[in-house]
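Participant: Sharing a structure with you now.
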Amino acid sequence: MKTIQRTTLSLLLAAISLGAASQAMAETSWEKHHPRRDQVNDRLERQDRRIKREVKEGDMTRAEARKLHHEDHQIRQEERDMASQNGGHITRQEQKTLNQQENAVSKEIGK
C-alpha cells in the first residue's frame, strides 16, 4: 500500500514539475523575444496587485481602484497598439513613454 502511495506521489510531483517547466520555458521565450513589452506588462501586473491589495486593506475605495485600473488598461492597450505597428515589438522610446505613464499611476496607489 505504501509503495502505491509513493509511486502515485512521485508521478504527481513529476507531472507538476513538467507543467511548471513548460510554463517557465514559455515565459523565458516571451522575455527573450519581447523584453521591453515583458517589462511593461510585468509592471502593469504588479500595479494591478497593489491596487487590489489597497482596496482589500481599506486604503482605497472601489471607485479609486476602478479609475486606476482603467488608466492601466489604457496603458496596456497603448502598448499593444505600439507593438502592432512594429512587428510585435516596442522601441526604447515607446517603453520609456509607457513607463512614465505607469509612474504616474503608481504614485496614485497608496496615497
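Since every read-out is calculated from the coordinates, none of them should be taken as a lab result. All values derive from a computational prediction rather than experimental measurement. Here Cβ is always computed from backbone atoms with ideal geometry, including for glycine, and neighbour counts include all displayed protein chains.
Participant: Of the numbered conditions (1) surrounded by fewer than 16 Cβ atoms within 10 Å (Cβ to Cβ); (2) without any contact (Cβ under 8 Å) to a residue 40 or more places away in the chain; (3) of a type outside the set (Ser, Thr, Tyr), ASP59 fails exactly one; give the number of that condition.
Facilitator: Here ASP59 clears every test but (2).
Participant: I would also like to ask the following. Return the residue satisfying two criteria in turn: it lies in region 67-111 and is among the β-branched types (Val, Ile, Thr) and part of a helix (DSSP H, G or I), and of such residues it is surrounded by the fewest Cβ atoms within 10 Å (Cβ to Cβ).
Facilitator: THR97
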